[in-house]
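The values are calculated or read from the model by the stated rules, or taken from the named source; none is laboratory data. As the structure is a computational prediction, the values presented were derived from the model and not from experiment. Cβ atoms come from the backbone with ideal geometry, glycine included; neighbour counts cover every protein chain shown.
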Amino acid sequence: MVTNAASFGRSGVHDYILIRASAVILACYSIFLVGFIALSSPLTFDVWHGLFSTLPMKVFTLLALFALLIHAWIGVWQVLTDYIKCTALRGVLQFIFVITAFSYLAAGIVIVWGV
């Protein structure tokens, strides 16, 4: 088992469950959005704003953002661990990814919740 600062001491089973759970959440979110767009014949700003101004949609979007962060974090960690053998380079790339991912999460929270 490979463990380092990015893996937080998790096992492969834990990562597998997190990846699958986050994929299910992202799939449900995507299917909902595609269905909403398909069924809203005149998709105007007011309709779109009305959808995202409700509390359940804000919570669902926040859940999807966290699921995306978890899914991407584990996926990038696995790819970097498999293909980047230089520890220093892998650490720098992981750091850049973490900063970028949390920036996207923060931007998503500000956009959805209007903080």
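General remarks:
- Failed item in (1) of a type in the set (A, V, I, L, M); (2) modelled with pLDDT under 95; (3) in a helix (DSSP H, G or I); (4) loosely packed, with under 15 Cβ neighbours inside 10 Å, with Ala101 passing the rest: (4)
- Of Val47, Val79, all but one fail to be assigned to a helix (DSSP H, G or I), free of Cβ contacts under 8 Å to residues at least 24 places away in the same chain, of a type in the set (Val, Ile, Thr) and closer than 22 Å to Gly12 by Cα; the exception is Val79.
For (1) exposed (fewer than 11 other Cβ atoms within 10 Å of the Cβ); (2) under 21 Å from Ile111 (Cα atoms); (3) touching a helix residue (DSSP H, G or I) at 6+ places or on another chain (Cβ under 9 Å); (4) modelled with pLDDT of 95 or more, each residue gets a yes or a no:
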| residue | (1), (2), (3), (4) |
| --- | --- |
| Phe36 | no, yes, yes, yes |
| Phe60 | no, yes, yes, yes |
| Trp73 | no, no, yes, no |
| Val79 | no, no, no, no |
| Asp82 | yes, no, no, no |
| Cys86 | yes, no, no, no |
